[in-house]
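The values are calculated or read from the model by the stated rules, or taken from the named source; none is laboratory data. Everything quoted here is computed from the prediction, not taken from an experiment. We place every Cβ from the backbone using ideal geometry, glycine too, and count neighbours over all the protein chains shown.
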Amino acid sequence: MNFDEVLEYRQKYPLYGIGRDSLYDSIVDGSYKYDYALLPVGVLNKNICESIADKYIDIIIQIPSPFALTGINFALIHFTMSKPSTFLTGIFNGKVAEKQGKSPYDGKWHELKNKTEDFNNFIENINSYIEMNKVDRDDLNISDYSMFDENNLNPIYYTRQAIKIRKELQESEYKLLKDIADIVSAPTDKDIEAKYIDSKSFEYPLVYEKLPKARLSRAIKVVNGDIICLLVGEKPKFYLYNKNYDDVYIKSGNYCILRVKEKKMNNYLVSYLNDEKARIYFNSTQHCSYFPALTKKDFGELKVIVPTEEMLKNADEVMQYTMNSKKLTPYEINELIRNSYKSEYKSESQKIINDDIISAISKMKNKVIKELINDDLKEVETCFKNNAYKSAIILCGSILEAILLDWLSEYEKTDNILDVALGDDGRDLELNKIIQKLKIVVKPYWYESTKAHEIRVTRNLVHPKECIKNNVKVSAEECRKIINDLNDIIESKEARS
């Protein structure tokens, strides 16, 4: 395959508005003779049957537009007349070119020049598959052709992650979303002046006075317990309405409402809809090239893993905290995390979903801890501004130890937070050993462990006992580096929670 030739062929065919592509039309009528084509993902999925009526497809790879300022996700397709044994799928997530440059608005395709080394390697791997049935990249996947679904040509559908999730769901006890909740999309009112909720209002606590008011041509009245769903856009959004106002609506159209048949499932379902498994499903089934959208039918076919009572309880805790109706201390959150280790599950999928809920709990703990240490961080900055560099570094060391002890507590399977980071002799571990222990358990590799050691060593050097002995001086640059390192470590914890 010569990718430059594929680009040249694409440049000869215009797009006619949303959903229409002259290149696709040429493939269907047989006038397009080249085996490779770049088609908008939405166009391909909207017209699946026609495109493969008399041929097979053995390559489907999503590539962000290699043309300047088009903003379209393309799929690289390879057609073959004989049934293949394998097929190649993937999604390129990097930059096609170093700089997009400016495109003259003349209605023509303008190819991006100066392709990145990563993209060139990506294309080389595609050619390696064609020539040797071999690839060396994680973002490309060779599958047996028996896994090909002619009703779904979305490249995301065939990623390793999506395949794994579908397999897990198939083997799990699940219910379809449409059987758990009613999907309400028909308007209850027309042409009314009313307050309404949109995605900008999807935050807690909901402030009634700040809700916008307008004349709505088609609206749906919301009631307490409704899950408001925005199904248009790159990332569908879900919001649990927990108020009792009788004059709040949503705009019918892009939004719909889930009314859960068992109220105890409300919090779990919101957590599930925001979970990675659901995201993969949504991305696999979205339509259109410019504004991805989920259909009501596809939405209703989402498989929802049946939760255990423990999973329902954990989801309740997360939502109560999220909606600011309950405050949890770091100790209480750690207890939830540790109790999850003891939970029993009917399937691995249940465990994965619960782990994701627990991960949400861990993320909210980051916020709690940040609030607790915020005053200390301000004090560090005050010391720095007043040239009290040693004091700033000693305080950084104390904050570091508190952060790392809490982080380690998430991995220690103990019911007593006081037992965290104890050595075999029952004595508290030194900071050095706490860092070493975390370096082993934090996945992926914890690169910031080196920065933690630098803070520890510098803190020890400026400790009063050492100062008397060595009278170590600290420069403003050294102090600022320690402060920056501490912030990087805090961010690394947040990113891995």
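Side notes on the structure shown:
- Any hit, region 146-160, residues being touching a Lys or Arg at 6+ places or on another chain (Cβ under 6 Å) and not assigned by TED's automatic domain parsing to the domain that holds Leu273: no
- Residue within region 222-229 that is within 23 Å of the chain's Cα centre (by Cα), under 26 Å from Gly42 (Cα atoms) and buried (at least 19 other Cβ atoms within 10 Å of the Cβ) present: yes
- Sole residue being free of Cβ contacts under 8 Å to residues at least 24 places away in the same chain, not aromatic (Phe, Trp, Tyr) and not assigned by TED's automatic domain parsing to the domain that holds Ala75, chosen from Lys167, Lys195: Lys167
- Any hit, region 446-467, residues being within 36 Å of the chain's Cα centre (by Cα), modelled with pLDDT under 80 and either in a helix (DSSP H, G or I) or loosely packed, with under 14 Cβ neighbours inside 10 Å (or both): yes
- Flag for Lys251 being over 25 Å from the mean Cα position of the chain (by Cα), assigned to a strand (DSSP E or B) and of a type in the set (Lys, Arg): yes
- Checking each residue of region 196-207 against the condition of being part of a helix (DSSP H, G or I), among the hydroxyl-bearing types (Ser, Thr, Tyr) and either at pLDDT 90 or above or surrounded by 17 or more Cβ atoms within 10 Å (Cβ to Cβ) (or both) gives at least one match.
- A count restricted to region 148-167 and to residues that are of a type in the set (A, V, I, L, M, F, W, C) and either touching a strand residue (DSSP E or B) at 6+ places or on another chain (Cβ under 8 Å) or under 21 Å from Val96 (Cα atoms) (or both) stands at 4.
- Among the candidates Ser271, Ser185, the residue that is surrounded by 13 or more Cβ atoms within 10 Å (Cβ to Cβ), under 30 Å from Ala162 (Cα atoms) and in contact with an Asp or Glu (Cβ under 8 Å, 6 or more places away or on another chain) is uniquely Ser271.
- With respect to the conditions (1) over 25 Å from Lys235 (Cα atoms); (2) touching a helix residue (DSSP H, G or I) at 6+ places or on another chain (Cβ under 7 Å); (3) of a type outside the set (Asp, Glu), Ile183 lacks only one, and its number is (1).
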